[in-house]
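Notes to accompany the following structure.
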Amino acid sequence: MAEKRKAGGIRVKRVYAAPEAADGARVLVDRLWPRGIAKEKAAIDAWLRDVAPSNGLRKRFHGHPEDWEAFRAAYAEELLMPAAQAALAALRERIAAGPVTLLYAAKDEERNNALALRLWLLSKGGARG
């Protein structure tokens, strides 16, 4: 199950799932606040909007989830932008300090931006700073 995915100190979990002690720092990586969830209930330590896919990319992928590889490639390009790089620096600091759970709101637990971000971080050797 995607909620339990873990590698390099990074977990991926739906924001709607109950917080757990093993989550470590809980970081929301969506551009929009998740529908129907109170900030207190979400137990979010940081909201890094600038590391999330752009609205255009998010909408394109939402309409075509079968284009997972194309989404990941386009998202990787967006992660090179200055605002994303600043947010990634903050995220890498949290990862270096201990476990981090990337939170997302999408219903698809196998193809979502948090999972794509984790895979990108691991491919860049950025999971441990």
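The values are calculated or read from the model by the stated rules, or taken from the named source; none is laboratory data. Fair warning: this is a prediction, and the values are worked out from it, not measured in the lab. Methodologically, a virtual Cβ is constructed for each residue, glycine included, from the backbone with ideal geometry; neighbour enumeration extends over all protein chains shown.
For the stretch 29-47, the tally of residues that are under 15 Å from residue 105 (Cβ atoms) and outside any helix (DSSP H, G or I) stands at 13. Taken over the stretch 102-115, residues that are crowded, with 24+ Cβ neighbours inside 10 Å and of a type in the set (A, V, I, L, M) amount to 3. Would you check if there is a residue in the stretch 48-67 being under 20 Å from residue 90 (Cα atoms), in a helix (DSSP H, G or I), touching a residue at least 12 places away in the same chain (Cβ under 8 Å) and not β-branched (Val, Ile, Thr)? Yes, that holds for at least one residue.
Just so you know, in the stretch 1-14 the residues that are modelled with pLDDT of 95 or more and over 20 Å from residue 125 (Cα atoms) include one that is surrounded by the fewest Cβ atoms within 10 Å (Cβ to Cβ), and it is 14. Could we say that residue 96 is in contact with a helix residue (DSSP H, G or I) (Cβ under 6 Å, 6 or more places away or on another chain) and outside any loop (DSSP other than H, G, I, E, B) here? No: the conditions fail for residue 96. The set of residues from the stretch 37-47 being touching a Leu at 6+ places or on another chain (Cβ under 9 Å) and modelled with pLDDT under 90 comprises just one member, 42.
For the stretch 99-129, residues that are assigned to a helix (DSSP H, G or I) and within 14 Å of the chain's Cα centre (by Cα) total 10.
Taken over the stretch 75-96, residues that are under 11 Å from the mean Cα position of the chain (by Cα) and exposed (fewer than 13 other Cβ atoms within 10 Å of the Cβ) amount to 0.
For the condition within 24 Å of residue 18 (Cα to Cα), surrounded by fewer than 20 Cβ atoms within 10 Å (Cβ to Cβ), modelled with pLDDT of 90 or more and touching a Leu at 6+ places or on another chain (Cβ under 8 Å), what is the one hit in 99, 34? Only one candidate passes the filter, namely 34.
Got at least one residue in the stretch 56-67 being over 20 Å from residue 23 (Cα atoms) and buried (at least 19 other Cβ atoms within 10 Å of the Cβ)? For the stretch 56-67, residues over 20 Å from residue 23 (Cα atoms) and buried (at least 19 other Cβ atoms within 10 Å of the Cβ): present.
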